[in-house]
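Scroll down for the structure; my scribbles are underneath it.
The values are calculated or read from the model by the stated rules, or taken from the named source; none is laboratory data. These figures come from a predicted structure and were not determined experimentally. Neighbour counts run over all protein chains shown; Cβ positions are idealised from the backbone, glycine included.
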Amino acid sequence: MVSVETILRWILYLTIFTGFFGSTLEVYRFNNFSIFAFRIFLILLIYIFVIFLFQSGKLNLKNINVKNYMLFFVFWLLYASISISWAVSVNDAIREIFFLFSGVALIILMVMLLNDKKSIYSVYYIWLLVVLISLIVAIWEISTGDHLFSSKLYGETRQHVMYNPTSLFYNQNDFATFLTLSFPLVLMSFVFFKKKVLKIIGLLMALILIYVLIETGSRANLLALVLQFFVYIFLFTSLSMKLKLVIVSPFIVSLLIYLEPAFIYIPVEIVEQIKSVYEDAFLDGGSIVIRLNLIKSGIYHAISSWGIGVGAANIETYIANYDLFYTGNVTNVHNWWVELLSNYGVIILLGYIILYFNILKKLYIYYVQNFDVKMKLLCKAIFIGLIGFIIGSTSPSSLMTHTYKWVYFGLSITLLNYLATKEKSDVSINSWTHHG
């Protein structure tokens, strides 16, 4: 007979998988409220989990070693709920709290239900599958100019934008940030899998991912990709390997260009995209100027609120109605960190930053200490992904609604919980053996 834990775990896998697709898997729409497959599975998961807790009469937290992380997310959810009392737009606040609740619930359920290597690897496989699907859709978009109905560019006929890939997401920036998080996970598959076919598929996916990322035109995420590369070289290679890379890189690049001249397009395009950041910064109405003004607006309203924030999802209302800076009718902050500060204040932002860098620190420590090759790979890939996210998260208009961010945090914290539990278990065994 199949256990309740197994059923819960499989529903969780379906919840995670459908979460990447968002409105692409829309089941029903009523006015401004949509029911996605993700929401159905999440509600079902929470319902069965709660029933199981009541029937068993106990909540086993013995092997939960990341309680501080979970408490922060619960505190954030409570703070957001209280912020309704001073929010100008209550409807926007309630809508955002719903998304925040979904994300926090997903993280907690991942930690509670995924407590072994097999289940953690399963989430990794799901992520790779979604990346593969998203890249196939992206290549179709680039080739045809067509898009899924959930895309901002659906039905677009302007030549200069209709071929930009959005894949399973609403716009290019949302997709690009997902690709930035995914790149290290995809690249590590070349080492993670033993079968040559899977290694080749992983390597091809990584190359296609870089090409598609360039096609999105997201400059922040291209910078994030470059940052990921340098962090990898600096932290995860030996001195001899660093020297070898410096010596061999020009020859590899030359060989690639000789075999396929189109490869020269990639570095040239990256340079052009990054160069445009600086050029745009000097234009009065340029996107960089507007984004800087959005950042200034967010900080201004955070200060005006005495550091407590303007309330969940309310910064858009403040920018639209009470702003001092020119933002070209754009009301989304387009910066995850400023969004946290302006909506939720200093306490939540500082807590989030502390949590973020604590996760990075622990991932690196476990990478250094661990002897399990696959666990080392996963720690390294997630670490590099989070480094890229620091910059990549400044690209989308808002990240609160994107499930992939919550899944990534859930995977990170679940991995740390497993490694901490295993570490305690190993210490206990060694202690028992020693005393014996």
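Would you kindly identify the helices (runs of 4 or more DSSP H) lying entirely within the range 110-209 that contain at least 3 residues that are buried (at least 21 other Cβ atoms within 10 Å of the Cβ) and in contact with a Leu (Cβ under 7 Å, 6 or more places away or on another chain)?
117-144, 172-192
Which of the residues spanning the range 63-93 are aliphatic (A, V, I, L, M), more than 17 Å from Trp406 (Cα to Cα) and without any contact (Cβ under 8 Å) to a residue 40 or more places away in the chain?
Leu78, Ile82, Val90
For every residue, the table says whether it meets (1) touching a helix residue (DSSP H, G or I) at 6+ places or on another chain (Cβ under 8 Å); (2) of a type outside the set (Ser, Thr, Tyr); (3) within 23 Å of Ile413 (Cβ to Cβ); (4) assigned by TED's automatic domain parsing to the domain that holds Asn343.
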{"site": "Val50", "(1), (2), (3), (4)": "no, yes, yes, no"}
{"site": "Phe72", "(1), (2), (3), (4)": "yes, yes, yes, yes"}
{"site": "Ala80", "(1), (2), (3), (4)": "yes, yes, yes, yes"}
{"site": "Ser83", "(1), (2), (3), (4)": "yes, no, no, yes"}
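Are there helices (runs of 4 or more DSSP H) fully within the range 244-359 with at least 2 residues that are exposed (fewer than 14 other Cβ atoms within 10 Å of the Cβ) and at pLDDT below 85? List them.
Per the criteria, 265-280.
Matching residues to (1) touching a His at 6+ places or on another chain (Cβ under 9 Å); (2) without any contact (Cβ under 8 Å) to a residue 24 or more places away in the chain; (3) closer than 30 Å to Ile353 by Cβ:
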{"site": "Met1", "(1), (2), (3)": "no, yes, no"}
{"site": "Glu5", "(1), (2), (3)": "no, no, no"}
{"site": "Trp10", "(1), (2), (3)": "no, yes, no"}
{"site": "Leu14", "(1), (2), (3)": "no, no, no"}
{"site": "Ser23", "(1), (2), (3)": "no, no, no"}
{"site": "Tyr28", "(1), (2), (3)": "no, yes, no"}
{"site": "Ser34", "(1), (2), (3)": "no, yes, no"}
{"site": "Leu42", "(1), (2), (3)": "no, no, yes"}
{"site": "Phe52", "(1), (2), (3)": "no, no, no"}
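Using the structure shown, decide if Glu96 is at pLDDT 95 or above, in a helix (DSSP H, G or I) and among the charged types (D, E, K, R).
Judged against the criteria, Glu96 is a match.
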